[in-house]
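To keep things clear, I will list the structure first and then write my remarks on it.
The values are calculated or read from the model by the stated rules, or taken from the named source; none is laboratory data. It should be emphasised that the depicted structure is a prediction, and the values quoted were computed from it without experimental measurement. Cβ: placed from backbone, ideal geometry, glycine included. Neighbour counts: every protein chain shown. The area values use the complete protein model at the heavy-atom level, side chains included, leaving out ligands, DNA and RNA. Shrake-Rupley method; radii C 1.70, N 1.55, O 1.52, S 1.80 Å.
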Amino acid sequence: MSEAAKGKVVVLSGPSGVGKTTVLRRLLAECPLPLRVSVSATTRPPRPGEVHGRDYHFLSTEEFHRRRERGEFLECYEVYGSGWWYGTLKAEVVAGLESGAWVVLGIDVHGAFAVVNHYPDAITIFLRPNSLEELERRLRGRGTEDEESIQRRLQQARNELALADWYRHQVINDDLDRAVGEICQILVRIGETRHV
Ligand code: 5GP
């Protein structure tokens, strides 16, 4: 049996600040499926409260590229032209799939394209903000980004929103409970209709 036949790959994308992390946490707690989040690697320094190994594998630039050269990434990109690299570790995904889990990847659109190229049956979901104004308000409210970073993330959001139609499903995060419920319903329905 192939690794993909055992579990499923779920890609959740959406602009920075749309609430992907919160939605993912809630899904893990509430959705009655064997969901498991793939913890990405990044060269970005941790934000206050972020934990190594839970939120990201925080790697030095040298370590990141060493692993990249060893072929340890399913996909990796320099996101936002910020100089920070982000990548999905093959080991995170394969271990999850082999255990029969639904492995959820919270990654950007470039990463999503690469993952679907590798796992054509991946379930792709794009989380949309209510509006760009709302997204800007959330990014500022987070208080973790400087003005340059906010502007870069907003421009990136416009670029990502333009590609949202490529995703199989789009969910608006106008209300956290509703958005989590909708994503969970999408996944449960797929679980019921697809032969596992
Ligand atoms: P943040 O710095 O806000 O945690 O993440 C910035 C962006 O990087 C997010 O939009 C997220 O989707 C993307 N990202 C996080 N992990 C990965 C990854 O492993 N691969 C790719 N391609 N993008 C990622």
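Annotation: for a label point projected 7 angstrom from Cα along Cα→Cβ of residue 30, residues of segment 161-183 with backbone N closer than 20 Å are 169-183. Pairwise Cα distances in the chain exceed 24 Å for 38 percent of all pairs.
Taking a ≥ b ≥ c as the square roots of the eigenvalues of the Cα gyration tensor, segment 29-78 is oblate, since a/c reaches 1.5 or more and a/b is not larger than b/c. So, in Å, what gap is there between the alpha-carbon centers of segment 140-171 and segment 32-68? The two parts, judged by their Cα centres, are 20 Å apart.
Mind checking which helices in the chain clear 18 Å along their axis (Cα) and have mean Kyte-Doolittle hydropathy of -1.0 or more, DSSP H runs only? Length and hydropathy pass: 176-193.
Taking 0.36 nm per residue of sequence separation and removing the Cα-Cα distance, the residue 189/residue 61 pair yields an extension gain of 42.0 nm.
Helical runs assigned H by DSSP (4 residues or longer) give the chain a calculated mean residue ellipticity at 222 nm of -13500 deg cm²/dmol, each run adding -39500 (n - 2.57) before division by the residue total.
One equal scatterer on each Cα of segment 62-163, no solvent, Debye formula: the resulting log10 I(q)/I(0) at q = 0.17, 0.24 Å⁻¹ is -0.93, -1.29.
What's the carbon and sulfur percent of segment 1-138's accessible surface, probe 1.4 angstrom, rounded to a whole number? Mind dumping the intermediate values first?
On the way: 3190 of 6360 Å².
Carbon-and-sulfur percentage of accessible area, whole number: 50.
Shape class of segment 107-196 from the alpha-carbon gyration tensor: oblate, with a/c at 1.5 or above and b/c at least as large as a/b. Taking Cα centre as origin and charging only the Cβ of basic (Lys, Arg, +1) and acidic (Asp, Glu, -1) residues, the dipole magnitude of the chain rounds to 300 debye. First check a/c for segment 1-59, with a ≥ b ≥ c the square roots of the eigenvalues of its C-alpha gyration tensor; if it is under 1.5, answer rounded, and if not, answer prolate when a/b is larger than b/c or oblate otherwise. Cα axes put segment 1-59 in the prolate bin.
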